Amino acid sequence: MKKSTQYGKGLAGFFFGLILATGIIAGILFFLNQGNQNVFKELTQPKQSEEPEILKPQDKAEKRPATDTSSTQADEEKAKAEKEAAEKEAAEKEAKAKEEAEKAAKEAQEKAEQAEREAKEKADKAEAEKAERETKEKAEKAAADKAEREAKERADKTAADKAEREAKEKAAKTEAEKEAAKKKLAEKKAELEKKRAEKAKAEKEATDKTAKDKKAADQLTDKQKERAERKLAEKKAAEAKKQNKPTPEQILNSGSIEKARKAANASTTKESSNTASKQSAEKAEAAVNSGKKAFLQLGSYADRSSADSQRAKLAILGVSSKVVESQNGDKTIYRVQSNTMPQEAAVKLQKNLQGHNINSLIRSSK
């Protein structure tokens, strides 16, 4: 609870005491002055002379007795002595009044000085209390500001540490995910390359075998040739059915291994039957378009991974393809293209791919 201090009360008391003392001294001097005037008036006032004697002429002059003269002189001396005594008494009273006035003035001055000292002490005390209170308030405010600043700094540091830790954890997690994705992609690419190599090897062997069988069949009669071709198609379908294994992409698309195997077998069977049924038509078309070469454009992508994925799908269907890079302004385009083949083979492959919902364009080979 703050202590209320009244300022200016001591100074007002000092002036009030000074005025009071001055009034008392003036009153004493006034009464003394009035008393002295009355004494002086009594001393200086002449006595009323007795009624003058009326002198009557006589025949003989009467002699005035000597006692009258001596009594008048005694009266004058007595009056003079009384006057001196009154003056002395008035002087003593005046000196005493002056002394009392000086004493009262001195006491009033001392009281005024004491009141001034007390007022000054009170003012100094009040000023000291105010300064002490202000110093205490400043110290408390500084301590509160310091505590608040330290708390804020601790909170900021904690938040910064937390954010930095979360950023590091996030970066580490992202890096780990990136490395895992890279590793998985590398494994997938390696597996794809392995399957592609196996597929190419199998295709080469089948092509060599087909060429060998075809060469042997050319030497037979038409009927024998037809029988040999049918047996060759059945044998090829059986081998494809036997060697056909579902790929991871077929398993993922079908949802189970059995469904993927059935889909692969159906595709192979369909291809074999189509091959057997359209051999005569192919021969006719080959005779017409024997001189033209073409290739199929099977897709155009902005990234290499999409192009590789399309190649993997085509490899599953038995179509050899490659990725050709080209620049379109500041962008790189990845086009999936088949190998160069005769025009009729390109038409046949395009129709076959349309049955698998794969669109393509036939491009003439330069």
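The values are calculated or read from the model by the stated rules, or taken from the named source; none is laboratory data. Small disclaimer: the values here were computed from a predicted structure and weren't measured. Cβ atoms come from the backbone with ideal geometry, glycine included; neighbour counts cover every protein chain shown. Heads up: the accessible areas ignore ligands, DNA and RNA and are worked out on the full protein's heavy atoms, side chains in. Shrake-Rupley method; radii C 1.70, N 1.55, O 1.52, S 1.80 Å.
Against the list (1) out of contact with any helix residue (DSSP H, G or I) (no Cβ under 9 Å at 6 or more places or on another chain); (2) more than 27 Å from GLY10 (Cα to Cα), the condition ARG133 fails is (2). Cβ separations smaller than 7 Å between residues 6+ apart or across chains give the following pairs from the stretch 184-206 residues that are in contact (Cβ under 8 Å) with a residue 24 or more places away in the chain and basic (Lys, Arg) to residues that are outside any helix (DSSP H, G or I) and surrounded by 12 or more Cβ atoms within 10 Å (Cβ to Cβ): LYS195/THR247. Could you say whether any residue in the stretch 341-359 is among the charged types (D, E, K, R) and closer than 28 Å to LYS188 by Cα? No: zero hits. The residues of the stretch 94-122 that are basic (Lys, Arg) and over 15 Å from LEU20 (Cα atoms), listed by number, are LYS96, LYS98, ARG117, LYS120, LYS122.
Could you list, in sequence order, all residues of the stretch 312-328 that are open to solvent by less than 70 Å² (accessible area, probe 1.4 Å) and either more than 21 Å from LEU185 (Cα to Cα) or touching a residue at least 40 places away in the same chain (Cβ under 8 Å) (or both)? Selection gives ALA312, LEU314, ALA315, ILE316, LEU317, GLY318, VAL319, SER320, SER326.
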